[in-house]
Amino acid sequence: MTAVIDVESGNLALGGRPVLRGISLSVKQGEVVALLGSNGSGKSTLVRGLMGLVKWSSGDVRLFDVSLPSFRDWHRVGYVPQQLAATSGVPATVKEVVSSGRLSRRRLLLPMRQADRAAVRSAIATVELTDRRHDAVSQLSSGQQQRVLIARALAGEPELFVLDEPNAGVDHHNQLGLARTLANLVDAGATVVVVLHELGPLAGLIDRAVLLQDGRIGYDVPPANDLTLQPTAGHAPVHHHPRSQPDHVPLGPGWEL
């Protein structure tokens with residue numbers, strides 16, 4: 001299968017301090033890969049590096065077989081950042097935020113086309129926020145705010161979804177909704193990279209669990225194995241099983257109970 005993400009000997013420093021060291025990681029088309037590790041292990045920095053938000057010090061980083069500095073097809077990528085960093089102080093409505101997910105697919109300043117409006121409506125409906133589409137994002141609960149960020153990524157109709165701790169501060173009900181939505185995306189052929197502290201309801205979707213420790217890859221579990229990653233200081237055990245239905249919840253759209 002084609003490599004959607006390919007990193008070879010990647011190193012990244014922030015403020016002169018090495019954060020990622022010798023990262024080599026390949027994610028194939030259609031895979032679901034979880035990036036795991038304790039706070040400060042480098043998970044979010046790795047994701048931000050893949051999205052071009054921070055510059056790599058050295059190494060070869062490629063998206064869809066294109067060198068990251070030359071990559072321009074960002075409509076193929078849907079990025080869901082950490083909730084607090086992305087929604088604090090945002091005065092925009094749900095519809096406005098989700099509509100921004102179409103910017104990579106249309107020319108700046110031009111009005112939205114019918115296809116753009118349809119994609120926005122579909123994304124909002126998928127996360128079950130149609131009745132809140134005119135509300136300010138700041139008025140929503142943390143779980144609903146996370147849904148808005150997911151809808152923004154969905155609106156762009158990308159091939160690769162990258163999510164940075166989408167379950168942080170979100171209740172179990174919303175975690176199940178995310179699992180159902182991601183399962184539908186994977187069934188449609190999407191590739192998913194998700195940063196997690198624990199697998200939770202997403203466990204049944206994960207093909208590989210990549211554990212970061214002190215800026216290095218400690219484990220990369222192949223999907224055929226049923227392993228427990230033994231914890232080091234500050235790490236909980238990580239159980240990996242072949243892909244299955246998340247929490248045995250029927251895979252329909254949305255966040256319904």
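The values are calculated or read from the model by the stated rules, or taken from the named source; none is laboratory data. This is a predicted model, so every value here is computed, not measured. Cβ atoms come from the backbone with ideal geometry, glycine included; neighbour counts cover every protein chain shown.
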Open item on the list: Go through (1) in contact (Cβ under 8 Å) with a residue 12 or more places away in the chain; (2) in a loop (DSSP other than H, G, I, E, B) for Arg62 and report which single condition fails.
Closed with: (2)
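Could you list, in sequence order, the residues of the stretch 6-43 that are of a type in the set (Asp, Glu) and either without any contact (Cβ under 8 Å) to a residue 60 or more places away in the chain or touching a helix residue (DSSP H, G or I) at 6+ places or on another chain (Cβ under 6 Å) (or both)?
Across the stretch 6-43, the qualifying residues are Asp6, Glu8.
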Task: Breaking point among (1) at pLDDT below 90; (2) loosely packed, with under 15 Cβ neighbours inside 10 Å; (3) over 30 Å from Ser57 (Cβ atoms), for Gly143 - done: (2)
Task: Residue check for Ser44: in a helix (DSSP H, G or I), at pLDDT below 95, at negative phi and touching a strand residue (DSSP E or B) at 6+ places or on another chain (Cβ under 8 Å) - done: yes
Open item on the list: I need the full set of residues from the stretch 158-208 which are hydrophobic (A, V, I, L, M, F, W, C), buried (at least 20 other Cβ atoms within 10 Å of the Cβ) and over 14 Å from the mean Cα position of the chain (by Cα), in order please.
Closed with: Val170, Ala203
TODO: Just give me the residues in the stretch 58-72 being exposed (fewer than 15 other Cβ atoms within 10 Å of the Cβ) and either within 21 Å of Ala13 (Cα to Cα) or not aliphatic (A, V, I, L, M) (or both), in sequence order.
DONE: Ser58, Asp60, Asp65, Ser67, Pro69, Ser70, Arg72
TODO: Please verify whether the stretch 80-101 includes one or more residues that are of a type in the set (Val, Ile, Thr), modelled with pLDDT of 95 or more and within 28 Å of Tyr219 (Cβ to Cβ).
DONE: no
Task: Index of the failed condition, Ser9 passing every other in (1) over 28 Å from Asn184 (Cβ atoms); (2) surrounded by 14 or more Cβ atoms within 10 Å (Cβ to Cβ) - done: (2)
Open item on the list: For the structure I just gave you, tell me whether Glu165 is touching a Leu at 6+ places or on another chain (Cβ under 8 Å) and charged (D, E, K, R).
Closed with: yes
Open item on the list: Need the failing condition index for Leu46 against (1) within 30 Å of Ala183 (Cα to Cα); (2) touching a helix residue (DSSP H, G or I) at 6+ places or on another chain (Cβ under 9 Å), just the number.
Closed with: (2)
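Test of understanding: among Gly42, Gly78, Gly37, which residue is touching a His at 6+ places or on another chain (Cβ under 8 Å) and either surrounded by fewer than 22 Cβ atoms within 10 Å (Cβ to Cβ) or not hydrophobic (A, V, I, L, M, F, W, C) (or both)?
After ruling out the rest, the residue left standing is Gly37.
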Task: Test: residue in the stretch 129-141 that is touching an Asp or Glu at 6+ places or on another chain (Cβ under 8 Å) and not basic (Lys, Arg) - done: no
